[in-house]
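J.: Right, I'll just put the structure down here and ask away after.
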Amino acid sequence: FNYETGEADPKVGLSKLYTLIRRERSAVGKSNTFLVDAGDSLYSYSANYIYDNYPEDIQPIFEAMDMMGYNCITLGNHDFDYPWDYLYNQLDGSGLLSRTIVSNAVYTESGEFPFKTSTIYTRKMKTSSGRTVPVKIGVVGATYSNFSSRRFRYTGFMDGLDIYNTVKAESEQLKANGADIVIAFIHGGVGLLSGANTTVQAGAKLAKLSTIDAVVCAHSH
């Protein structure tokens, strides 16, 4: 159902996405899959309606993502459409806070990072020959560095660092710490290998790095 148009839409929906995710987990084994999201979860008329009318409730999209077993997420600029206390409490209340990875958001005054900047998961994966082997998966997330000023002005409160340089440095550290695979998931587009706007649309440049094995992009519509 499309809540923006008020009409049924059989081609889209989180339930359809979850069907595909469950199918893939069944085909290769759940331990051989890793589910990430690259931001803008709180972006729809329904999210705005819930915020305006039921500010104490946890947004259903975050509850669903927790139930679907997302391994980690990053945030998009539209997630920052909402005041900081609201966003933080939504992540905390849904159980996603500990799985939120944002490497390029930093408090302006203290210089501290409100979220994990990167982390390594050790998973027991099965090879095609049936062997079970431990694999260290390093993950680094990054958000759109301008955030948002729709309901809460983040200027002077939180700074967004350059996506490419931040993720590059984190990936190098992850490899140095023993990660076998490094996944970067950014709220930024694919972009070009050179030229304008590669700091935000950094996907292609990041994919060329030897310290990054997979890139998930978002933001570009």
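J.: Here is a check on your reading of the model: is Ala47 in contact (Cβ under 8 Å) with a residue 40 or more places away in the chain, open to solvent by less than 100 Å² (accessible area, probe 1.4 Å) and under 23 Å from Phe80 (Cβ atoms)?
T.: no
J.: Just to be sure before I move on: is Asn197 surrounded by fewer than 18 Cβ atoms within 10 Å (Cβ to Cβ) and at pLDDT 85 or above in the structure I sent?
T.: For Asn197, the condition - surrounded by fewer than 18 Cβ atoms within 10 Å (Cβ to Cβ) and at pLDDT 85 or above - is not met.
J.: Taking the range 147-164, which residues are more than 24 Å from Asp52 (Cβ to Cβ) and exposed (fewer than 15 other Cβ atoms within 10 Å of the Cβ)?
T.: Passing the criteria: only Gly156.
J.: Kindly indicate whether Ile73 is touching a strand residue (DSSP E or B) at 6+ places or on another chain (Cβ under 9 Å), open to solvent by 40 Å² or more (accessible area, probe 1.4 Å) and among the aliphatic types (A, V, I, L, M).
T.: Against the criterion (touching a strand residue (DSSP E or B) at 6+ places or on another chain (Cβ under 9 Å), open to solvent by 40 Å² or more (accessible area, probe 1.4 Å) and among the aliphatic types (A, V, I, L, M)), Ile73 does not qualify.
J.: Here's another thing I want to ask about it. Please indicate, with yes or no, whether at least one residue in the range 130-139 is more than 17 Å from Thr100 (Cβ to Cβ), in contact (Cβ under 8 Å) with a residue 60 or more places away in the chain and either open to solvent by less than 30 Å² (accessible area, probe 1.4 Å) or over 14 Å from the mean Cα position of the chain (by Cα) (or both).
T.: No, the range 130-139 contains no residue that is more than 17 Å from Thr100 (Cβ to Cβ), in contact (Cβ under 8 Å) with a residue 60 or more places away in the chain and either open to solvent by less than 30 Å² (accessible area, probe 1.4 Å) or over 14 Å from the mean Cα position of the chain (by Cα) (or both).
J.: Right, here's the next one. Scan the range 1-19 for residues that are in contact (Cβ under 8 Å) with a residue 40 or more places away in the chain and assigned to a helix (DSSP H, G or I) and jot them down.
T.: Leu14, Tyr18
J.: Another question, if that's okay. I need a count of the residues in the range 202-217 that are in contact with a strand residue (DSSP E or B) (Cβ under 7 Å, 6 or more places away or on another chain), more than 11 Å from Gly191 (Cβ to Cβ) and assigned to a loop (DSSP other than H, G, I, E, B).
T.: Residues flagged as in contact with a strand residue (DSSP E or B) (Cβ under 7 Å, 6 or more places away or on another chain), more than 11 Å from Gly191 (Cβ to Cβ) and assigned to a loop (DSSP other than H, G, I, E, B) within the range 202-217 amount to 3.
J.: Still on this structure, I have one more. Do you know which residues across the range 96-129 are loosely packed, with under 15 Cβ neighbours inside 10 Å and either within 15 Å of Asn71 (Cβ to Cβ) or touching a Lys or Arg at 6+ places or on another chain (Cβ under 9 Å) (or both)?
T.: Ser98, Thr122, Lys124, listed by residue number.
J.: For residues that are surrounded by fewer than 24 Cβ atoms within 10 Å (Cβ to Cβ) and at pLDDT below 95, scanning just the range 165-190, find the one that is nearest to Leu75 (Cα to Cα).
T.: Gly189
Yes/no per residue for (1) over 20 Å from Val167 (Cβ atoms); (2) surrounded by fewer than 16 Cβ atoms within 10 Å (Cβ to Cβ); (3) charged (D, E, K, R); (4) more than 13 Å from the chain's Cα centre (by Cα):
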residue: Val12; (1), (2), (3), (4): yes, yes, no, yes
residue: Thr19; (1), (2), (3), (4): yes, yes, no, yes
residue: Ser26; (1), (2), (3), (4): yes, yes, no, yes
residue: Gly39; (1), (2), (3), (4): no, no, no, no
residue: Asp52; (1), (2), (3), (4): yes, yes, yes, yes
residue: Leu91; (1), (2), (3), (4): yes, no, no, no
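The values are calculated or read from the model by the stated rules, or taken from the named source; none is laboratory data. These numbers were taken from a predicted model, which means no experiment stands behind them. All Cβ positions, even for glycine, are placed from backbone atoms using ideal geometry, and neighbour counts span all protein chains on display. The protein model used for the area step is the full one, side chains on, heavy atoms only, and it has no ligands, DNA or RNA in it. Shrake-Rupley method; radii C 1.70, N 1.55, O 1.52, S 1.80 Å.
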